[in-house]
Amino acid sequence: MDIVVCIKRVPATDTAIKIAADGKSIETNGVSFEMNAYDEFALEQALLIKEQLGEGTVTALTIGPSLAQKVMRDALARGADKAVVLTTDEWIYDGAQVAQALATYLQANPAQIVLCGKQAVDSDNNQLAGNLAARLGFGCVTEVTKLELADGTFTAERDIEGAREVVTCKTPAVISCNKGLNQPRYANLKGIMKAKKKPLEEAAADLPAAAMEIVSLELPPARADGRIIGEGVDAVPALIEALRNEAKAI
Amino acid sequence: MSNIIVIAEVRGGSLKRPSLEVITAAKQLASASGGQVVAIACGNGIDAATAELAAGGAAKVIAIDGPSFTEYSGDAWAKAIVEQVKANDGTAVLMAHTAMGKDLLPRVSGLLDTGIITDVIEVSCEGGAYGAKKPVFAGKATMTVKATKSPFCATIRPNNFEASTGGSGEVSKVDAPSGDLLSVVKEIIAAGGDKTPLAEAKVVVAGGRGLKEADNFKLIEDLAAAFGPGVAAVGASRAVCDAGWRPHSEQVGQTGKVVSPPLYFAIGISGAIQHLAGMRTARTIVAINKDADAPIFKVADYGIVGDAFEVVPALIKAIEEVVANR
């Protein structure tokens, strides 16, 4: 069973976002990058599936700059067998471009299971799994919090509004992973040493024309300054007063 | 014609309210593009829902109806919907940014080989080009895009547009195709108890590491309960969810839920940047924290510097009095 995990290199979640001079992208000077948090669950699930089946390969796949090699080396250290960077220097926010470029790669390098995070924490698009599955003709379940594989069919659980949904899905399939699915392992020293010898390939991404362009990127309006009402229990009546008569919130 | 397609969400035969909000967004685009709003709904026996869409502002409603569509299947529904998008000259396709919308519209956009933008809070149509505004980086920034390929696909954030009302659209029905389903819903398990969903709550009471241990979240639950049934939900910081004190479904912030309630309490939460991203659009924010220098006080409208174990019980009593005297 060949498993592909789609990974994105994103600004660390503790980044204070600053808008670059072009007004369309973020200032990346001084920003540290990391593996998208949701992709960590996808990678862990791929490793668990491989362990369950006792065979197969896990390929970590990304689109991004060559700098993404660092994140991919981390994926190898955690247990992926191989990593591929489809290179581009642009920040791609257009989901159709990403999905088509990955589909092109996967048509040439077929896999039965494709896993990804439910969304990247930069563009917050939450669209890759379904988009990619449509282009590959695969089944798909998104935002899964529980996943089991038996006889080539997945049984997945996902949160919906006020309930949970149980979905079955035949392989080949694309599954997007949510927090709560598993507890990602971290790379240990042995894994880091092994990763140095694992294949990490680069190829230029085959990107179609963009289906949309960024007009602007802006910071949200700042909140008006608040105030400290007081200290300890004695401040409670003043808080209630403010919430009632000033904020009209209770 | 340049029609705006709304994919409606019908569950258990009833129309989900966000679909009517999407019609409002679609009407905005239709008035600029000169087209009509065409709603498409899938299911089995959905006459009541399609009547509601016709009375809610869709000029035309297409029901893809039949036993094979009793349960949701992303692949089968997307295929049938795409046929109708093409047959009805759809130049924009909108759906609510719900669990179903996030699953279905990407699939539709992939089959149409076109772009998609999600979690949209504003839509526009200028000079024939559709545009949208959406939060990125969990709300730390807002991005405005312009579509350069047709049709334009977008999921619309719930509770952001008014629900559309009024209209007398025409309903037509096509048979749901039968065939192989790659994925299909087998069961829906209702969430236990009468908990208010975090994203819909009028008040969110969130706790963090300052509560010291899992059992002390009783204090947070009691404050939420003080507002009366169905009003407040419990939230939590990433630290306490990762520590296993609270389920991930309660996490507020980046890698958790982004919430925007009228009233938000941050108790024993220092205010890491990831947490602030998830709640900074709440209308009124109250912070209670021992550390006067905690970053949470920078976004809070009202702050109390103090020990949560002393302040919160007094606050519970006070809120109970307010609620009792309403």
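Every number here is computed from the coordinates shown, using simple stated rules; none is lab data. All values derive from a computational prediction rather than experimental measurement. Every residue, glycine as well, gets a Cβ built from its backbone with ideal geometry; the counts of neighbours run over all protein chains shown.
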Quick one: work out Rg over Rh on the C-alpha atoms of chain A, Rh as Kirkwood radius. 1.07
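List A:TYR186, B:TYR302 from most exposed to least, where exposure is judged by having the fewest other Cβ atoms within 10 Å.
Least crowded to most crowded, the residues run A:TYR186, B:TYR302.
Please find the FRET efficiency linking A:ALA204 to B:SER178, where r is the Cβ-Cβ separation and R0 is fixed at 45 Å, and quote it to the nearest 0.05. Could the numbers behind the result be given before it?
Working: r = 43 Å, r/R0 = 0.96.
After rounding, the FRET efficiency stands at 0.55.
Computed FRET efficiency, Cβ-Cβ of A:ARG223 and A:LYS18, R0 22 Å: what is it to the nearest 0.05?
Efficiency at R0 = 22 Å is approximately 0.80.
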Intensity falloff of the protein assembly as shown expressed as log10 I(q)/I(0), Debye formula with alpha-carbon point scatterers, at q = 0.10 Å⁻¹: -0.87
About its Cα centre, chain B carries a charge dipole, from +1 on Lys and Arg Cβ atoms and -1 on Asp and Glu Cβ atoms, whose size in debye to the nearest 20 is 660 debye
Need the list of lysines near A:LYS170 for cross-linking: C-alpha distance under 24 angstrom, and skip anything on the same chain fewer than eight residues off. A:LYS50, A:LYS118, A:LYS146, A:LYS179, B:LYS79, B:LYS102, B:LYS186
If you scale each eigenvalue of the Cα gyration tensor by 5 and take the root, what three semi-axes come out for region B:105-223, rounded to whole angstrom and sorted largest first? 37, 24, 17
Once every DSSP H run of n ≥ 4 in the protein assembly as shown is given -39500 (n - 2.57) and the sum is divided by its residues, what mean residue ellipticity at 222 nm do you get, rounded to the nearest 500 deg cm²/dmol? -8000 deg cm²/dmol
Evaluate the relative contact order of chain A (contact order divided by residue number), counting alpha-carbon pairs under 8 angstrom at least 6 apart; express in whole percent. 24 percent
Can you give the FRET efficiency for A:GLN107 and B:SER168, using 1/(1 + (r/R0)^6), R0 = 45 Å, r = Cβ-Cβ distance, to the nearest 0.05? 0.40
Shielding of A:154-166 by partner chains, average beta-carbon count, 10 Å: 6
For B:GLU213, put the label point 7 Å out on the Cα→Cβ axis and report which residues of region B:238-253 keep their amide N under 20 Å from it. B:239-247
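By per-residue mean of other Cβ atoms within 10 Å, what is the highest-first order of B:13-26, A:5-18? Display every interim value, and only then the final one.
Details: B:13-26: 22.6, A:5-18: 20.7.
Ranking the peptides B:13-26, A:5-18 by packing returns B:13-26, A:5-18.
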Starting at the first residue of region A:6-12, write each ³J(HN,Hα) from the Karplus equation 6.51 cos²θ - 1.76 cosθ + 1.60 with θ = phi - 60°, in whole Hz, x for Gly and Pro. 8, 10, 10, 8, 10, x, 3
Separation of alpha-carbon centers, region A:68-127 and region B:211-289, rounded to whole Å: 33 Å
Checked against a 22 Å limit on the C-alpha separation, the offending pairs among B:LYS133/B:LYS202; B:LYS27/B:LYS86; B:LYS140/B:LYS290 are B:LYS133/B:LYS202; B:LYS140/B:LYS290
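Within region A:2-204, what percent of beta bridges assigned by DSSP are antiparallel, to the nearest 5? Kindly include the intermediate steps, with their values, before the conclusion.
Details: 18 of 47 bridges.
Roughly 40 percent of the beta bridges in region A:2-204 run antiparallel, per DSSP.
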Return the average number of partner chain Cβ atoms within 10 angstrom of each residue Cβ along peptide A:205-214. 5
Residues of region A:158-172 with backbone N under 11 Å of the label point set 7 Å from the Cα of B:LYS186 along Cα→Cβ are A:166-170
Enter the mean number of other protein chain beta carbons within 10 Å of the beta carbon of each residue in A:134-146, as an integer. 5
